[in-house]
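Colleague: The structure's right below; bear with me while I get my questions together.
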Amino acid sequence: MYDDLRELYQEVILEHGKHPRNRRQPAGCNRHALGRNPVCGDAFVIYLTVDDDGVVRDCGFKGEGCAISMASASMMSEIVKGKTLDEARRLFETFHGMATGDGEAVDTDGLDEDDLDRLQALSGVRRFPIRVKCATLAWHTMQAAMDGVNEISTE
Amino acid sequence: MTVMRQHPIAAPLHSSGVNDYDVAAVRADFPILDRTVYGKPLVYLDNASSAQKPRAVIDTVRRVYENDYANVHRGLHYLSGAATDAYEAARETVRAFVNARSVKEIVFTRNATEAINLVAGSYGRAFLKEGDEVVISTMEHHANIVPWQLLRDEKGIVLKVVPIDDAGNFLFDAYERLLGPRTALVAVTHASNALGTVTPAKAIVRAAHDRGIPVLLDGSQGAVHCGVDVQDLGADFYVFTGHKLYGPTGVGVLYGREDLLDRMPPYQGGGEMIRTVTFEKTEFADLPAKFEAGTPPLVQAIGLGAAIDYITALGLDRIAAHEQELLGYATDRLSDLPGLTIVGRAEDKASIVSFTMDVAHPHDVGTVIDRAGVAVRAGHHCAQPLMQRFGVTATARASFGLYNTKAEIDILAEALLGVRELFG
């Protein structure tokens, strides 16, 4: 097997892909959005429970996709829990930079090192440009949910 | 010459099993087959999406641009005459290929999609009324669904869908039951791009004609794999595209029965398709120019003519036998792989094998085997209703053309074992 494939399909990715966390609509969910990738037909609904202080109390998702998109949604649902909306946005910006390979300018001050390490695991996708949207679909959809947009399409 | 890895049960590299079909010589006609991807020999199994081009086509296109290029049907100069002759000669080549009665029945379009849109936009708009029914099948490509939905939204026609069984067979009895007094058109595929199913096109046409209903056949795959005789099939419209038939992109074909095309209004307006224009009134040109507004894809059409000459010289029957042998071999090899399910096991199939794997999503399958040099399509194949019929969002699809070999199928099978190793 080839090194860049091993880098893309790391154990943690395969594990999240097979056993995704938070694949449910959380109780008290007050924001959601549907995200589609029209190229491949993948579709995810991301659910957020955001409290009055703007903190994400819970995050879940429903949908079906490839190992990359499933793992990304699963890991995102764990990472954004307990974060403020602002932190969640900055995590997405950081991850977007990692996934596309042009993320130098993102300010990661104050973001959790562990979270950044976990996101790093998905950054192998930058060697597979066709698959970047698989990794970012859940995040784009979460951002739409935060912005009050109920449906997005990556293209 | 491409170097292949040996597999213990691989057939001899250059033998297709068909005695006089020399696949090594055929491969030598396709320059791209010499290249590598990620350092591996290219194993191109995405032919149902688009086929590679033989040198004869590439050279023809270059020769036209280098020596014989000018616009067609205008300009009283030598080169315009030469380009017009070559363009019209390509039309005659296409006519002979599908056995149409007249070159007036051959309209060049951009692709098969545009040919279907032409029929929907011209025939459909002019002759279909609210409540009229158009019969399609579960296996249609989006190109033979969406144009009719647009017409439905505009005119209030009704779409009826012929079901298939779990193997992907066209259910003929159900089809006949759908034909009724309001059926105004049947528009079905000749061969499914996603499953490979070859439909009983001749019987489909006969059943419709018995009731006075015209039939459009989508031959995007059928023209490549089935051999087309529009008179024998009886089709009223038959559409296909050049790039899947080893020709250039940007050119497709609409065959239409002359009496129908004659009655149909133009699809687009512009130059080429007129006889005289004043601001008060335009007199349209005769067939087929009436449906070829603007400068046509003339170089691509000439290239398509070269592609048809190439496959005709190879022998359509011999190509079909070679492809059927590859289909049988691939079906056996892939059926032996653990956790792999072939989607589409119709009795009559073109050389297309769609499949899913229990351990990995089709996109992950595609990404992994791509690194082994194997190009397949992974996705919904522009046939989402068909995917829904089988309860999947996507499949991986290996589709075989005239230059593929059993050794390449062995490489595919080995790469799929690699998927299992990674995800299993």
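No lab work stands behind these numbers, since they all come straight from the coordinates. Model, not experiment: these values are computed from the prediction. Neighbour counts are summed over all protein chains in view; Cβ atoms, including those assigned to glycine, are modelled from backbone coordinates with ideal geometry.
Colleague: Here is a list: B:Ala346, B:Ala396. Which entry is in a loop (DSSP other than H, G, I, E, B), within 23 Å of the chain's Cα centre (by Cα) and of a type outside the set (Val, Ile, Thr)?
Modeller: Matching residue, one of B:Ala346, B:Ala396: B:Ala346.
Colleague: If you don't mind, there's one more thing I want to ask. For residues in region B:334-389 being free of Cβ contacts under 8 Å to residues at least 40 places away in the same chain and of a type in the set (A, V, I, L, M), which is nearest to the other protein chains (Cβ to nearest Cβ)?
Modeller: It comes out as B:Ala378.
Colleague: Taking region A:1-52 only, how many residues are within 22 Å of A:Ile130 (Cα to Cα), aliphatic (A, V, I, L, M) and out of contact with any Gly (no Cβ under 9 Å at 6 or more places or on another chain)?
Modeller: Summing the residues that are within 22 Å of A:Ile130 (Cα to Cα), aliphatic (A, V, I, L, M) and out of contact with any Gly (no Cβ under 9 Å at 6 or more places or on another chain) in region A:1-52 gives 2.
Let's see how each residue does on (1) touching a residue at least 60 places away in the same chain (Cβ under 8 Å); (2) closer than 22 Å to A:Pro20 by Cα; (3) more than 14 Å from every other protein chain (Cβ to nearest Cβ):
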position	(1), (2), (3)
A:Asp107	no, no, yes
A:Leu111	no, no, yes
A:Gly124	yes, yes, no
A:Lys133	yes, yes, no
A:Ala138	yes, yes, yes
A:Met142	yes, yes, yes
A:Gly148	yes, no, yes
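Colleague: Which one of the conditions (1) closer than 23 Å to A:Arg118 by Cα; (2) in a strand (DSSP E or B) does A:His32 fail to meet, given that it meets all the rest?
Modeller: Only one criterion in (1) closer than 23 Å to A:Arg118 by Cα; (2) in a strand (DSSP E or B) is unmet by A:His32, namely (1).
Colleague: Here's another thing I want to ask about it. Taking region A:42-97 on its own, how many of its residues are within 14 Å of chain B (Cβ to nearest Cβ), outside any helix (DSSP H, G or I) and aliphatic (A, V, I, L, M)?
Modeller: Summing the residues that are within 14 Å of chain B (Cβ to nearest Cβ), outside any helix (DSSP H, G or I) and aliphatic (A, V, I, L, M) in region A:42-97 gives 1.
Colleague: Six or more apart or on different chains, Cβ under 6 Å: which pairs go from a residue in region B:117-130 that's among the aliphatic types (A, V, I, L, M) to one that's surrounded by fewer than 21 Cβ atoms within 10 Å (Cβ to Cβ)? Could you list them?
Modeller: Close Cβ pairs (under 6 Å, with a partner that is surrounded by fewer than 21 Cβ atoms within 10 Å (Cβ to Cβ)) amount to B:Ala126/B:Pro265; B:Leu128/B:Lys155; B:Leu128/B:Ala184.
Colleague: Follow-up question, since we're still on this one. I'm trying to understand the selection: among the residues of region B:395-415, which are within 13 Å of chain A (Cβ to nearest Cβ), over 16 Å from B:Pro41 (Cβ atoms) and not small (Gly, Ala, Ser)?
Modeller: B:Thr395, the sole residue that qualifies.
Colleague: Still on this structure: Can you name the residue in region A:1-15 that is in a loop (DSSP other than H, G, I, E, B) and surrounded by fewer than 18 Cβ atoms within 10 Å (Cβ to Cβ) and, of all such residues, is farthest from the other protein chains (Cβ to nearest Cβ)?
Modeller: Selected residue: A:Gln10.
Colleague: Just give me the residues in region B:289-314 being without any contact (Cβ under 8 Å) to a residue 60 or more places away in the chain and closer than 18 Å to B:Asp229 by Cα, in sequence order.
Modeller: Correct list: B:Ala313 only.
Colleague: Would you check which residues across region A:16-41 are under 20 Å from A:Ile79 (Cβ atoms) and within 11 Å of chain B (Cβ to nearest Cβ) and list them?
Modeller: If the condition is that a residue be under 20 Å from A:Ile79 (Cβ atoms) and within 11 Å of chain B (Cβ to nearest Cβ), then A:Gly17, A:Lys18 are the ones that fit.
Per-residue answers, yes or no, for (1) assigned to a helix (DSSP H, G or I); (2) among the basic types (Lys, Arg):
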| site | (1), (2) |
| --- | --- |
| B:Val134 | no, no |
| B:Leu151 | yes, no |
| B:Glu154 | yes, no |
| B:Lys160 | no, yes |
| B:Gly168 | no, no |
| B:Ala174 | yes, no |
| B:Pro181 | no, no |
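Colleague: So, in region B:230-244, how many residues would count as being among the acidic types (Asp, Glu) and either surrounded by fewer than 24 Cβ atoms within 10 Å (Cβ to Cβ) or under 21 Å from B:Ala306 (Cβ atoms) (or both)?
Modeller: Total meeting the criteria: 1.
Colleague: Go through region B:89-121 and count every residue that is crowded, with 16+ Cβ neighbours inside 10 Å and of a type in the set (Asp, Glu).
Modeller: 2
Colleague: Here's a follow-up. Quick check on B:Ile411: is it farther than 28 Å from B:Thr189 by Cα, aliphatic (A, V, I, L, M) and touching a residue at least 60 places away in the same chain (Cβ under 8 Å)?
Modeller: Against the criterion (farther than 28 Å from B:Thr189 by Cα, aliphatic (A, V, I, L, M) and touching a residue at least 60 places away in the same chain (Cβ under 8 Å)), B:Ile411 qualifies.
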